[in-house]
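What follows is a single structure, written as structure tokens, with notes after it.
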């Protein structure tokens, strides 16, 4: 196994361990009572991104819950946690998909063929 394979394996294992933990914590805190639909989960992920944008619009002050971090990064963390929760609940290997997509992106042209944004 070469160095990149070790990095990929370590990332996938660590990420998926945290995804399982994130989902179990959400279950323990009652967020999965009665189940959740995909639309609701995607909307909640989107809401965290909107909160990150709002933090930036307000000058990105320290987060009120984890003040060692600014508001944008705290909301981005919430976004990832919600993605982990959903993926784990659905049995999706998000860690492996992130690595596969990252590796694929190395093969893409500059700005993915000239896109403006």
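When you scan the range 78-117, how many residues do you find that are modelled with pLDDT of 95 or more and over 27 Å from residue 39 (Cα atoms)?
Of the residues in the range 78-117, 0 are modelled with pLDDT of 95 or more and over 27 Å from residue 39 (Cα atoms).
Can you tell me which condition residue 3 does not meet? The list is (1) over 19 Å from the mean Cα position of the chain (by Cα); (2) surrounded by 14 or more Cβ atoms within 10 Å (Cβ to Cβ), and all the others hold.
Of the numbered conditions (1) over 19 Å from the mean Cα position of the chain (by Cα); (2) surrounded by 14 or more Cβ atoms within 10 Å (Cβ to Cβ), the odd one out for residue 3 is (2).
So, in the range 24-52, how many residues would count as being out of contact with any helix residue (DSSP H, G or I) (no Cβ under 7 Å at 6 or more places or on another chain) and within 13 Å of residue 88 (Cβ to Cβ)? Before you say what the answer is, go through the steps one by one.
As a first pass, look at the range 24-52 and keep what is out of contact with any helix residue (DSSP H, G or I) (no Cβ under 7 Å at 6 or more places or on another chain): 24-25, 27-31, 33-40, 42-43, 46-47, 50.
Now drop any that are not within 13 Å of residue 88 (Cβ to Cβ), which leaves 24-25, 27, 31, 36.
Of the residues in that region, 5 qualify.
The values are calculated or read from the model by the stated rules, or taken from the named source; none is laboratory data. Every value quoted in this text rests on a predicted model; they were computed, and no experiment measured them. Note that each Cβ is placed from the backbone with ideal geometry, even for glycine, and that neighbours are counted across all protein chains shown.
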